[in-house]
Each structure stands twice: as structure tokens, then as C-alpha cells.
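Single-structure report; data block below.
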Amino acid sequence: MKGNKQNSDYNEGSKGKMTLTLVLVSLISGFGSSFQYGYNVSVINSPAPYMQDFYNKTYFERNGVPMDRSFQTLLWSLTVSMYPLGGFFGSLMVWPLVNNCGRKGTLLINNLFSIAAALLMGTSELAGTFEVIIFSRIVMGIFAGLASNVVPMFLGEVSPKNLRGAIGIVPQLFITVGILIAQILGLNIILGNTEGWPLLLGLTGIPSLIQVLTLPFFPESPRYLLIQKGNEERARQALQKLRGCSDVDDEIEEMYQEDWSEKEEGRFSALSLCTFRGLRWQLISIIVMMMGQQLSGVNAVFYYADRIFQSAGVESSNVQYVTVSIGAINVVMTLLAVLIVESLGRRILLLAGFGLCSVSCAVLTLALNLQTTVSWMSYLSIVCVIVYIIGHAIGASPIPFVMITEMFLQSSRPAAFMVGGLVHWLCNFTVGLVFLYMEAGLGPYSFLVFCAICVVTAVYIFFIVPETKNKTFIEINRIMAKRNKVEIQEDRELEDVHTVPGGQAWKKEFFSSGL
């Protein structure tokens, strides 16, 4: 078949290389946006006692009476939970912003949220107001909700297919680095103290400032420019900068094929995506993977890491150093995922990741139950937490965002990220809100709930989710079309001959989905 031959030629001749421009785009996007998501997940853990003292002091100065214990608990719960709630609202903004402002444009606009929140949090003590911290956590959450979706989308679209998995994990790598830096700076001897916590919160604006100053010099997503804006000249220029060569005809042709393959479908909103039969299993898959990612308990581990280690018998004075060590392991294992994802593939990492998480949750339940009677069980608890972090870092955390990029074409990708982001942040918010009640009611057995979720997710991935390594977006779309029981007609007439600069002519093949 002619269509298959064209794609075969494209597969053979289009392996991209890692260029300086692609590296810099990945680093600037990751550091300026994803880093802050991780930083703000854990930044309030260490200085929590000092921030609560500030809440009490401010309340007393205003009212002349100490703050009620239950009201203090409510305020601190809001401080923690407003961040993922803001992330939920940020995810709602993904679809309109990336379609109207572009991927790079959305990241630049998003920095306004981060810089504003950083200034408010950094000056909150001087202003004598704790309300502004809670408000800033919502604003920072909106930033994180946008960043967590737009960065993987942007990097997935600027990457060649043979590097798409590795570069797609870069945002998660920067999230883990952000968590680690927040843990290090939050040590009592650095900024996690009475004088330092406002600066600790305010530092989050620096990466955004760097991104605002540097990202404008790099290209927008070529797929956005060609498929959504119809500007081949700018798309070609962007590709040439990203690939470091002038011959990008193969990728331009592949983009046109993708564009024509979805002409009949039009641009998807979140609602139309949820009702479209041709993308049914892709949508179910990202919902299951995102729910599994968050409901597997990862943020329960990070939000309440100190409690877990103290209950495992670690001295209070040493808990913060153990937490930093766990953060370092998280970074190293995510970096490992970057290095091995293109050789092992996405499915293997997903299955291994959720498998390790399920086993570690099951053993952790046993260890926490027996630690009062068996002395060495406290050490086994810490090992289980480490194994859990390793499992999440290599598969459960980074790969679902890569899969959203790969399982959807250009017209449906923004809506898919919006849906995936909403599920991600809603589940994140739910775990942060419910885990303490689960712990109070179920004790160590609460981790069995997380174990069951990991097992169910792994079983679903094993039977439903395909391997997407080193495949074009159209090839992945064909694989999923069979599961959705829709037809993609590959051999319809060749509709147009497109002449590229330099005189070379090539044909655009029209694909359509038959429902």
C-alpha cells in the first residue's frame, strides 16, 4: 500500500537528534514551569510549625484572643488543599489558552500567576496577613495546573518521535528536582525557620522570571503553527531551529497527514471528546492512568512524609534529613526513567512502576502493624517508602503525561490534556483532603486501599494500553482505532500535491475515520 510505504520511508529516515535548541527549550520549560509545581508541593511541609505560629500571632494581634485549635486546623488544611484546588481551576484554562495563545504563549502568560503569588507570599509576614498566603496558594495552584499540562504537551510536540518519551519525562524530572530543592531549602538550618519561611515561599518566582526572559527567543510548537494556524513557513522555520538542519520535509509531510486525517472531526472541546466514539479508549485510558497516578497515594507520601517516618520510629530531629534523602532518590530514579524509556518502552515502565507501588503498599501495611512488636519493622517501613518512590518515579508519575501527548492527535490533544489535568488535580485534592481521615479510621490499613488501586491500574494497562515507543501520532491513532472499532481508510485518493521550497513535490494523503 502506498500509504504504508510512505510511512515506512518516514520511519526509516526521520530519526531526530538531540540538538542544543531542543535541550534548551526542554530545560527552560521544565525549570520555569514544572520545577515550581514540585517546589510548591513540598515547600510548606518543613516550615509548617513556624507558619502556624504566624497565623496564631496575627490572629491574636487582631482579636486579642488566641486562635481556636479547630480554626487553626481549618486554616492549615485550607493552606494545603487550596494548591491542588487551584490546579483543578488551572486545568480548566488549558484548552482555551493553548488553542488561542499557543503552547509557548500559554507558558509565558502563566508566569504572571507565579510571579504575583511569589510576591504576595514573600511579603505576607511584613503585611501581617495570613489570608494572602491561602489566596496565593490558589493562584500558585492555577499556575501549576496549567504548567503540568502545557509543558508535556509543548515538549511532546517539539520532539522527534524517537526522543519523545525521554523529553516527555523531563517535566516530571523537574517536578522531582523542585520537590528536592524545597526540602533542602526547608531544612531548619537554612530557611525552614521563623525568619526564613517568607523567603522560602517567595523564591518560587525566580524560575518564572528566568523563563519570561529566555523562552521568547525559542520557537513555538511547529505542529501548532502548521496544523492549527496553517502557517507552514513559520512551522518550517521552527522545525529547522529545533532539528538543527534545513531538511525537515518528512516531518512537514507527516504533520500534513495528521492534519488531513482529522479534518472531518474538527477541533475537540472537552465535552465533544467525551462523547466521540473514535477516541473512547484513549479517553478511558488517560482517566484510568491519571486516577491511578494520584489515588495510588503518592501525594499522601509527600504531603505527610514526616508523619510516616515518625510513625516508623525515626527520631523527630532526623526526619527532615530522611525526607531529603527520599527526595534525592526520587530525582535519581526519574532521571533513570528519562534514560531508559526509549529502550524499554512506556508499557514496561508503567507496569513495573505500578507493580512496585502495589507491593510496597502491601508490605508497608504489614510493617506498620508489626513495628511495635518487631523492632526491625520500622526500618522495613522506610524501605517500603523508598521502593514506592522508585516505582512512582520510573513509571506511575512521568509516563501518563507522555501517553496523553502520544495517544491523541493535534485537534483532540488540548481537550485530552484538559480532561487528564482535571482528573489529576481532582484526585490530588481528594487524597490531600481524605488521607488524614483514612489514617484515623483505618490506620496502617489505609495503604491497602492504595495497593488495590495500583493493582487495578496495572491490570488495565496490561490489557488495554498499547506500546507507543518510536511510533508517529498517526500510527498510534491507527492502533487505537482498532480497539475503538472504527475504520481508518489509508488508501483513499491522494488529494493534493504540495510543493515545498526548493522545488521538491510530495503528496498529502487523506485519511478519515469511519464511525
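The values are calculated or read from the model by the stated rules, or taken from the named source; none is laboratory data. Here the structure is a predicted model, which means the values were calculated and not measured. Virtual Cβ from ideal backbone geometry, glycine too; neighbours counted across all protein chains shown. Note: accessible area is taken over every heavy atom of the protein model, side chains too, but ligands, DNA and RNA are not part of it. Shrake-Rupley method; radii C 1.70, N 1.55, O 1.52, S 1.80 Å.
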**Asked** Out of the range 322-347, which residues are surrounded by fewer than 20 Cβ atoms within 10 Å (Cβ to Cβ) and either in contact with a Lys or Arg (Cβ under 9 Å, 6 or more places away or on another chain) or among the aromatic types (Phe, Trp, Tyr) (or both)?
**Response** Glu342, Ser343, Leu344, Gly345, Arg347
**Complete:** Counting only helices (runs of 4 or more DSSP H) entirely within the range 311-399, those with at least 3 residues that are over 22 Å from Cys451 (Cβ atoms) are 319-344
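Scan the range 46-72 for residues that are small (Gly, Ala, Ser) and within 35 Å of the chain's Cα centre (by Cα) and jot them down.
Passing the criteria: Ser46, Ala48, Ser70.
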**Message:** Looking only at the range 55-73, how many residues end up being open to solvent by 20 Å² or more (accessible area, probe 1.4 Å) and either assigned to a helix (DSSP H, G or I) or among the hydroxyl-bearing types (Ser, Thr, Tyr) (or both)?
**Reply:** 12
**Asked** Yes or no: Ser343 more than 26 Å from Leu295 (Cβ to Cβ) and either polar (S, T, N, Q) or modelled with pLDDT of 95 or more (or both)?
**Response** yes
**Message:** Exactly one condition in (1) buried (at least 20 other Cβ atoms within 10 Å of the Cβ); (2) at pLDDT 95 or above is false for Asn45; which is it?
**Reply:** (2)
**Item:** Verdict on Leu85 being in a helix (DSSP H, G or I), under 20 Å from Gly186 (Cα atoms), of a type in the set (A, V, I, L, M) and touching a residue at least 60 places away in the same chain (Cβ under 8 Å)
**Value:** no
**Item:** Of residues in the range 181-190 being open to solvent by 30 Å² or more (accessible area, probe 1.4 Å) and not β-branched (Val, Ile, Thr), the one nearest to Leu336 (Cα to Cα)
**Value:** Leu185
**Request:** Kindly indicate which of Val331, Val314, Val301 is among the β-branched types (Val, Ile, Thr) and at pLDDT 90 or above.
**Result:** Val331
**Request:** Exactly one condition in (1) open to solvent by less than 10 Å² (accessible area, probe 1.4 Å); (2) within 22 Å of Ile181 (Cβ to Cβ); (3) charged (D, E, K, R) is not met by Arg103; state its number.
**Result:** (2)
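Here's the yes/no breakdown for (1) surrounded by fewer than 18 Cβ atoms within 10 Å (Cβ to Cβ); (2) modelled with pLDDT under 90; (3) farther than 30 Å from Gly105 by Cα:
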residue: Met1; (1), (2), (3): yes, yes, yes
residue: Asn4; (1), (2), (3): yes, yes, yes
residue: Asn11; (1), (2), (3): yes, yes, yes
residue: Lys17; (1), (2), (3): yes, yes, no
residue: Leu22; (1), (2), (3): no, no, no
residue: Ser26; (1), (2), (3): no, no, no
residue: Gly30; (1), (2), (3): no, no, no
residue: Phe35; (1), (2), (3): no, no, no
residue: Gly38; (1), (2), (3): no, no, no
**Complete:** Residue pairs qualifying under the 8 Å Cβ cut-off, at least six apart or on distinct chains, with the first in the range 469-481 being part of a helix (DSSP H, G or I) and the second being among the hydrophobic types (A, V, I, L, M, F, W, C) and open to solvent by 30 Å² or more (accessible area, probe 1.4 Å), are Asn477/Ile488; Arg478/Ile488; Met480/Trp281; Ala481/Ile488
**Asked** All but one of (1) without any contact (Cβ under 8 Å) to a residue 24 or more places away in the chain; (2) open to solvent by less than 10 Å² (accessible area, probe 1.4 Å); (3) aliphatic (A, V, I, L, M) hold for Leu271; which doesn't?
**Response** (2)
**Asked** Going by the structure shown, is Leu112 open to solvent by 50 Å² or more (accessible area, probe 1.4 Å) and not charged (D, E, K, R)?
**Response** yes
**Request:** Write out, first by first residue and then by second, each pair whose Cβ atoms fall under 9 Å of each other, whose residues are 6+ apart or on separate chains, and whose first residue, in the range 248-261, is touching a residue at least 40 places away in the same chain (Cβ under 8 Å) while the second is in a helix (DSSP H, G or I) and of a type in the set (Ser, Thr, Tyr).
**Result:** Asp250/Tyr10; Glu251/Tyr10; Glu253/Tyr10; Glu254/Tyr10; Gln257/Tyr10
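Residue-by-condition table, conditions (1) in contact (Cβ under 8 Å) with a residue 40 or more places away in the chain; (2) surrounded by fewer than 24 Cβ atoms within 10 Å (Cβ to Cβ):
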| site | (1), (2) |
| --- | --- |
| Val383 | no, yes |
| Ile389 | yes, no |
| Met403 | yes, no |
| Pro414 | yes, no |
| Phe417 | yes, no |
| Leu422 | yes, yes |
| Asn428 | yes, no |
| Leu433 | yes, yes |
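Considering only residues that are at pLDDT 90 or above and open to solvent by 10 Å² or more (accessible area, probe 1.4 Å), look in the range 79-93 and name the one that is farthest from the chain's Cα centre (by Cα).
So the residue we want is Met82.
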**Request:** Considering each of Leu448, Leu494, Leu442, Leu515 in turn, give the residue that is modelled with pLDDT under 85, open to solvent by 20 Å² or more (accessible area, probe 1.4 Å), among the aliphatic types (A, V, I, L, M) and farther than 23 Å from Asp250 by Cβ.
**Result:** Leu515
**Complete:** Restricting the range 357-378 to residues that are touching a residue at least 24 places away in the same chain (Cβ under 8 Å) and not hydrophobic (A, V, I, L, M, F, W, C), the one most open to solvent (accessible area, probe 1.4 Å) turns out to be Asn369
**Asked** What number of residues within the range 90-111 satisfy the criterion of being more than 21 Å from Phe268 (Cβ to Cβ) and free of Cβ contacts under 8 Å to residues at least 60 places away in the same chain?
**Response** 1
